[in-house]
Amino acid sequence: MKLTFLGAAGEVTGSCLRVDHEHGAFLVDCGLFQGGREADRKNRSALDFELRGIDFVLLTHAHLDHSGLLPRLVALGYRGRIFATTATVDLLGVMLMDSAHIQEKEAEWALRDTRSRKAARRAEVAPLYTVEQARTSLGRLVATDYDAWIEPGAGVRCRFRDAGHILGSAIIEIDVGERGHTRRLVASGDIGQPMRPVLRDPVRIAHADYLCVESTYGNRAHRSFAATCDELVLALRRTLEVDGGNVIIPAFAVGRTQEVLFVLADLVRAGRIGRLDVVVDSPMASAVTALTVRHADLWDDETRALYAWAEANPGRFRVRFVQDVEESMALNAVKGGLVVISASGMCDAGRIKHHLRYNLGRRECAVVIAGFQAAGTLGRRLVDGAHQVTLFGERIPVRARIHTIGGLSAHADQPALLDWLRGFGEAPRRTFVVHGEATAAAAFVEAVERELGWSGVEAAQAGVPVVLK
Ligand SMILES: [Zn+2]
């Protein structure tokens, strides 16, 4: 068996693992590179290999940094199937279409932008993929149940286990038969933080010969969930009740938006805030919230109880889902009293940019950063304390208070990752640390060696094939 990390090695985006084995080859994830100047170039060259040699794709979850190159994969000639959990398949119907729409818009915008004429001549502003291509790729998806072994291709069986990260997310156990032996490869995908809203905790895995484990927060511990709620209450009360401004929450449409809704409702239910007026201004977040409600079978018990309470108390926790652009623009005139949850989660695209444009410059407002902000994104600049930012070509001073509340992360922190690794009966022969910026991955390698006494642990190297014996 041979592993090649095509992305998410020394960085947190572009997840794609190629596995070559006796009977063929397959991919685990096929994600977009996001953030930073190099992302577009990397996305365009990521699939520069013989795609007909790939028999099937296994997908851990719907986040675009794991799934966002699937339309391109199919457009470039991939003809096999793509296996994912049922909820992931549902989510992709929303997310890949939205991603394609953004790709088309950005290409159109770049063509109009005089500064990009040179790039246009190099034909680099063709969309990465089109809406039509995304639709075609959806036809390759095969919905799979959690916990059931399937045989996606010759010599391989696998099963998807709940990763507790976003709706439908999975850790994948993959048995690969070679020379009469079976070797188990486990791909962690993204691992959720235990004891967090909405989803169940990640399943512990007992055995792996080879393991790929994420390390987004491999070098740190989240603030406690209780401390996160305390800070959120402070930000909400001061901004809404004292200063009379708005609270803007950039949030990933998938996962984070639903968690933030849960936490806000929970704070009202507990009486820590009298009432809240919340607007979800992201068509995708609205669609995904509806999907989440449809998959209530995947919720934890607390979420069921809270949902029943919210249904029974519509006056105290009001949520409005904004669809059309006019309604979204009308929000820009609202000076105070609103909590606006909008996407993208890293502030680089979508309607959140408009809300930041109208609220960042106002001292009475607050921005609550509730998710991971990759290097190179606008969200990261806000977290890092930028005094001004550029939005739509306009310099906007940062006067609103910026709150970073770490405890809501969809990713396990270092203690939780180590605890998940303790579920393995014995150390895998080799462990590859993926999906972390270089410093986080290196720190996590060290932590695993020190805390668990494992050997054979290393940070994955991009593009360098590793032969496993
Ligand atoms: Zn993810």
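The values are calculated or read from the model by the stated rules, or taken from the named source; none is laboratory data. Remember, predicted model here, so these are calculated numbers, not experimental data. For neighbour counting, all protein chains shown are included, and Cβ atoms are generated from backbone atoms with ideal geometry for every residue, glycine included.
Applying the condition of being out of contact with any Asp or Glu (no Cβ under 7 Å at 6 or more places or on another chain), of a type outside the set (S, T, Y) and part of a loop (DSSP other than H, G, I, E, B) to the stretch 337-359 and asking which residue is surrounded by the fewest Cβ atoms within 10 Å (Cβ to Cβ) yields A349.
Taking the stretch 225-245 as the region of interest, how many residues are among the polar types (S, T, N, Q) and over 21 Å from the mean Cα position of the chain (by Cα)? Lay out the reasoning, then the answer.
Quick first cut of the stretch 225-245, residues among the polar types (S, T, N, Q) only: 228, 239.
Cutting the leftovers down to over 21 Å from the mean Cα position of the chain (by Cα) gives us 239.
Qualifying residue count, the stretch 225-245: 1.
So is D243 among the acidic types (D, E) and within 16 Å of the ligand (Cβ to nearest atom) or not? Answer is no for this residue.
Flag: V203 matches the condition of being under 25 Å from T13 (Cα atoms) and free of Cβ contacts under 8 Å to residues at least 60 places away in the same chain.
Restrict the check to the stretch 166-187 and report whether at least one residue is away from the ligand (no atom under 16 Å from the Cβ), of a type in the set (S, T, Y), surrounded by fewer than 19 Cβ atoms within 10 Å (Cβ to Cβ) and assigned to a loop (DSSP other than H, G, I, E, B). Within the stretch 166-187, none of the residues are away from the ligand (no atom under 16 Å from the Cβ), of a type in the set (S, T, Y), surrounded by fewer than 19 Cβ atoms within 10 Å (Cβ to Cβ) and assigned to a loop (DSSP other than H, G, I, E, B). For G35, the stated conditions hold: it is within 16 Å of the ligand (Cβ to nearest atom), at positive phi and surrounded by fewer than 23 Cβ atoms within 10 Å (Cβ to Cβ). Here G218 does not fit the description of being small (G, A, S) and more than 16 Å from the ligand (Cβ to nearest atom).
Of the listed requirements (1) hydroxyl-bearing (S, T, Y); (2) surrounded by 23 or more Cβ atoms within 10 Å (Cβ to Cβ); (3) more than 13 Å from the ligand (Cβ to nearest atom), T60 misses just one: (3).
Being charged (D, E, K, R) and either more than 16 Å from the ligand (Cβ to nearest atom) or surrounded by fewer than 19 Cβ atoms within 10 Å (Cβ to Cβ) (or both), is that true of even one residue in the stretch 397-412? Checking the stretch 397-412: at least one residue is charged (D, E, K, R) and either more than 16 Å from the ligand (Cβ to nearest atom) or surrounded by fewer than 19 Cβ atoms within 10 Å (Cβ to Cβ) (or both). All of (1) aromatic (F, W, Y); (2) over 22 Å from the mean Cα position of the chain (by Cα); (3) within 16 Å of the ligand (Cβ to nearest atom) hold for W149 with one exception: (3). The residue that is farthest from G406 (Cα to Cα), among those in the stretch 204-215 that are assigned to a loop (DSSP other than H, G, I, E, B) and more than 16 Å from the ligand (Cβ to nearest atom), is D209. Residue count for the stretch 233-284, restricted to those that are out of contact with any strand residue (DSSP E or B) (no Cβ under 7 Å at 6 or more places or on another chain) and within 18 Å of R196 (Cα to Cα): 14. Name the residues in the stretch 360-387 that are among the aliphatic types (A, V, I, L, M), surrounded by fewer than 21 Cβ atoms within 10 Å (Cβ to Cβ) and in a helix (DSSP H, G or I), would you? Matches in the stretch 360-387: V383 only.
S282 meets the stated requirement of being under 17 Å from the mean Cα position of the chain (by Cα), more than 16 Å from the ligand (Cβ to nearest atom), among the polar types (S, T, N, Q) and at pLDDT below 95.
Could you please find all residues in the stretch 1-10 being outside any loop (DSSP other than H, G, I, E, B) and under 19 Å from A440 (Cα atoms)? Answer for the stretch 1-10, where residues must be outside any loop (DSSP other than H, G, I, E, B) and under 19 Å from A440 (Cα atoms): F5, L6, G7.
Criterion applied to T390, T431 was being part of a strand (DSSP E or B) and within 23 Å of L468 (Cα to Cα), and the one residue passing it is T431. Just one of the listed residues (G336, G385, G379) is among the small types (G, A, S) and more than 24 Å from A440 (Cβ to Cβ), namely G336.
I'd like to know if the stretch 146-153 contains one or more residues that are at pLDDT 95 or above and within 22 Å of A410 (Cβ to Cβ). Yes. Would you confirm whether any residue within the stretch 402-414 is modelled with pLDDT of 95 or more and assigned to a helix (DSSP H, G or I)? Yes, some residue in the stretch 402-414 is modelled with pLDDT of 95 or more and assigned to a helix (DSSP H, G or I). Within the stretch 200-234, being closer than 19 Å to V260 by Cα and in contact with a Ser or Thr (Cβ under 8 Å, 6 or more places away or on another chain) holds for one residue alone: H222. Can you pull out the residues in the stretch 289-308 that are out of contact with any Gly (no Cβ under 8 Å at 6 or more places or on another chain), part of a helix (DSSP H, G or I) and surrounded by 15 or more Cβ atoms within 10 Å (Cβ to Cβ)? Passing the criteria: T289, L291, T292, T303, L306, Y307.
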